[in-house]
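Chemist: Sending over a structure as structure tokens; questions will come in a sec.
The values are calculated or read from the model by the stated rules, or taken from the named source; none is laboratory data. Just so we're clear, the structure is a prediction, and the values are computed from it rather than from any experiment. Note: ideal-geometry Cβ built from the backbone for every residue, glycine included; neighbour counts use all protein chains shown. Remember, those area values only see protein heavy atoms, side chains included, never the ligands or the DNA or RNA. Shrake-Rupley method; radii C 1.70, N 1.55, O 1.52, S 1.80 Å.
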Amino acid sequence: MQNTIRVERAKQNMTQGELAEAIGVSRQTIHAIETGKFAPSVITALKISQFFNTTVQEIFQLEDDEQVNPVED
């Protein structure tokens, strides 16, 4: 899973620690999510997107090999 957390933080001149404190997780958690070593829980993903006033889909994107083909009628 790819994400744009680092970009969103940079827009607000914010550190990993500041974001972590704002949403109630550790700085290490933010680092692990940013680097793709950890997929966030739904709650954490929602908190991140809400903090940046955007959608989860704008912050997190599935990689090509993770995409799901929709069911056709």
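Chemist: Quick one: what pairs do we get from segment 1-23, first residue under 18 Å from T55 (Cβ atoms), second at pLDDT below 95 and open to solvent by 80 Å² or more (accessible area, probe 1.4 Å), C-beta under 9 Å, 6+ apart or different chains?
Modeler: M1/L62; Q2/L62
Chemist: Does segment 1-8 contain any residue that is in contact with a helix residue (DSSP H, G or I) (Cβ under 9 Å, 6 or more places away or on another chain) and in a loop (DSSP other than H, G, I, E, B)?
Modeler: yes
Chemist: Filter segment 58-73 down to the residues that are within 11 Å of the chain's Cα centre (by Cα) and in a helix (DSSP H, G or I) and list them by number. Give the derivation first.
Modeler: Initially, segment 58-73 is screened for residues within 11 Å of the chain's Cα centre (by Cα), giving 58-61.
Of everything in segment 58-73, those that are within 11 Å of the chain's Cα centre (by Cα) and in a helix (DSSP H, G or I) turn out to be E58, I59.
Chemist: Please specify each residue of segment 40-57 satisfying the condition of being closer than 14 Å to I30 by Cβ, open to solvent by 40 Å² or more (accessible area, probe 1.4 Å) and assigned to a helix (DSSP H, G or I).
Modeler: Of everything in segment 40-57, those that are closer than 14 Å to I30 by Cβ, open to solvent by 40 Å² or more (accessible area, probe 1.4 Å) and assigned to a helix (DSSP H, G or I) turn out to be K47, F51.
Chemist: Return the residues of segment 1-29 that are within 22 Å of L62 (Cα to Cα) and among the β-branched types (V, I, T); say none if nothing qualifies.
Modeler: Of everything in segment 1-29, those that are within 22 Å of L62 (Cα to Cα) and among the β-branched types (V, I, T) turn out to be T4, I5, V7, T29.
Chemist: I'd like the residue in segment 22-42 that is over 11 Å from the mean Cα position of the chain (by Cα) and aliphatic (A, V, I, L, M) and, out of all such residues, is farthest from E8 (Cα to Cα). Don't jump to the end; show me each part of the working.
Modeler: As a first pass, look at segment 22-42 and keep what is over 11 Å from the mean Cα position of the chain (by Cα): 22-28, 37.
Then drop every residue that is not aliphatic (A, V, I, L, M), which leaves 22-23, 25.
Details: A22: 14, I23: 14, V25: 17 Å.
It comes out as V25.
Chemist: When the residues of segment 2-39 are filtered to those that are touching an Asp or Glu at 6+ places or on another chain (Cβ under 8 Å) and among the β-branched types (V, I, T), which remaining residue is surrounded by the most Cβ atoms within 10 Å (Cβ to Cβ)?
Modeler: Of everything passing the filter in segment 2-39, I5 is surrounded by the most Cβ atoms within 10 Å (Cβ to Cβ).
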